[in-house]
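Trainee: After the structure tokens below, expect a handful of questions from me.
The values are calculated or read from the model by the stated rules, or taken from the named source; none is laboratory data. Quantities reported herein were computed from a predicted structural model and do not represent experimental measurements. FYI the Cβ positions are ideal-geometry reconstructions off the backbone, even for glycines, and counts take in every protein chain you see. We work out accessible area using only protein heavy atoms, side chains counted, and drop any ligands, DNA or RNA first. Shrake-Rupley method; radii C 1.70, N 1.55, O 1.52, S 1.80 Å.
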Amino acid sequence: MSKVYVEGIANHVGQEVAIKGWVYNVRSSGKLHFLLVRDGTGTVQCVVSKADVPQEIFDRCGKLTQESSIVVRGTVREDPRSPVGYEIAVSDVELVQQAIDYPITPKEHGVAFLMDQRHLWLRSSKQHAILRVRAELIRAIRDYFDSRGFLLLDAPIFTPAACEGTTTLFATDYFGEKAYLTQSGQLYMEAGAMAFGKVYCLGPTFRAEKSKTRRHLTEFWMLEPEVAYFDLNDDMDLAEDFVATIVARVLQRRRKELEVLERDVAKLQRVKKPFPRITYDEAIEILRRKGLHVNRGDDFGGDEETALSEEFDRPVMVHRYPRKCKAFYMKADPENPSLALCVDMLAPEGYGEIIGGGQREDDFQTLEERIREHGLPKKAFSWYLDLRKYGSVPHAGFGLGIERTVGWICGVRHVRETIPFPRLMGRLTP
Ligand code: 4AD
Ligand code: MG
């Protein structure tokens, strides 16, 4: 008898198999028990007939509880009514462990409760679908860059200095010195781009976000490519091609999961090149026309991003924000030095900013001045300034937030469900 996974059951019709899994549900009607058994790859109905199994096994099945672990043996048969197309005629059931009072029942639970039970909540079908989309997205990202000559270059987690502003740093003691959890791998990718031309990193990043919003985690994953001899336009071309490609890939490979999530895939099918590109000033005009009060010079928040994205049926790229609301490393627009050569990509349907990036300041003196203006410790940035001393070239890159992108693709409003174990202000467990 072979051990099989539910996902591969179609190859075993008529055979005796063993499924090792957990009880999802039991229904009984006199001479029959219907066990829904999940094994992580899928759920299959297992029919236990009083006539076919010893009385002891039949009775045991009647007492099975939700999430008890069991090994079911039986014969696979076709069943067009079943969601997987097959069911199992059971000959034996072995109880591995009886679960008592599993806290998540089919009734509705509040989100706070479910977040406390996150270690168990991962077993539910909606969470399965989201996390499979996440895994597919990460695979698509890697494939995209690996197949285009980019080198994967892992960035450090412990860092001596801020990349994205000092207000969201997590500090930790590093043998008597202060270290910070990385906010972004960008500065290291810049060193990598000068060494290898085209690089990317994909890993966890940390920000002490003190605001409770549906878009902010304190630990989130970011994809960050960086390319030498790239300007802002090249950067936008890359971001656009990249996002269109990964969305198409998830659509192609995770259709079933998107169905479980009841995602309107027609909206995702519209994510095709070219994406609209507007300047910050044009964005301000749109926002004012829509009745939002925005100060020219301020960065956009969630409300502005949502309002802007409503105007377009695909991601929109907003470029050339005022330099003063952006990070120290951004290159000034030579045509208007008060603007930065930067770009944010806003996802449609109000999912907010998924990409931030742009062209980097490549002149030694200017960058040194910026570091001073921003009150950053010069010593911690001396290696970064070296990159402008030894063969500095124009270069650009961007960062894509994995969780916001998963949220958008899945149609899940809050980022907390898009990562296995979310870290938010006020949530460190499980
Ligand atoms: O716009 P950000 O801050 O850009 C950077 O960190 C650059 N250094 C990236 C680069 O150019 N290499 O962050 C990039 C993206 C955002 O667009 C957003 O998708 C995501 O990271 N992000 C967050 N996601 C979840 N929770 C948070 N607190 C996030 N902060 C940023
Ligand atoms: Mg940003």
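Trainee: I'd like the orientation of helix 232-253 relative to the chain: the angle between its Cα long axis and the longest Cα principal axis, in ° from 0 to 90, rounded to 10.
Mentor: The angle comes out near 0 degrees.
Trainee: Taking 2.2 N^0.38 Å as the expected size of a compact globular protein, what ratio does the Cα radius of gyration of region 256-373 give against it, to two decimals?
Mentor: Scaled against compact globular proteins, the figure is 1.23.
Trainee: Angle between the Cα long axis of helix 364-373 and the longest principal axis of the chain, 0 to 90 degrees, nearest 10?
Mentor: 80 degrees
Trainee: More than 31 Å apart: what percent of Cα pairs in the chain qualify?
Mentor: Summing the P(r) of the chain above 31 Å gives 50 percent of all pairs.
Trainee: Between 0 and 90 degrees, rounded to the nearest ten: what's the tilt of helix 125-146 against the longest Cα principal axis of the chain?
Mentor: Computed tilt is about 50 degrees.
Trainee: If packing is taken as the mean number of other Cβ atoms within 10 Å per residue, what is the order of 278-284, 370-376, 360-366, highest first?
Mentor: Descending mean neighbour count gives 278-284, 360-366, 370-376.
Trainee: Could you report the chain's accessible area per residue, 1.4 Å probe, as an integer in Å²?
Mentor: 47 Å²
Trainee: If you don't mind, another one. Using a cut-off of 21 Å between alpha-carbon atoms, which lysines can reach Lys50, once sequence neighbours fewer than 8 places away in the same chain are excluded?
Mentor: Lys31, Lys63
Trainee: Please give the peptides 397-404, 291-298, 37-44, 79-86 ranked by average Cβ packing (other Cβ atoms within 10 Å per residue), highest first, as a rough proxy for protection.
Mentor: Per-residue Cβ counts within 10 Å, averaged per peptide and sorted highest first, yield 397-404, 37-44, 79-86, 291-298.
Trainee: Leaving out ligands, DNA and RNA, what percent of the accessible area of the chain is carbon and sulfur, probe 1.4 Å?
Mentor: That share works out to 51 percent.
Trainee: Just subtract the alpha-carbon distance of Asn11 and Ile104 from 0.36 nm times their residue separation and send over the number in nm, one decimal.
Mentor: Full extension of this stretch gives 30.2 nm more.
Trainee: Another question about this same structure. In nanometres, what is the gap between the two model label sites at Lys324 and Ser69, each 7 Å from Cα along Cα-to-Cβ?
Mentor: 6.1 nm
Trainee: Starting from the Cα of Lys379, draw a straight line to each of the lysines and keep only those under 29 Å, dropping any in the same chain fewer than 8 residues away.
Mentor: Counting by Cα, and skipping residues close in sequence, Lys379 has these lysines nearby: Lys178, Lys198, Lys210, Lys324, Lys326, Lys331, Lys389.
Trainee: At a Cα cut-off below 19 Å, give the lysines reachable from Lys107, other chains included and same-chain residues fewer than 8 away excluded.
Mentor: By straight Cα distance, Lys107 reaches Lys126.
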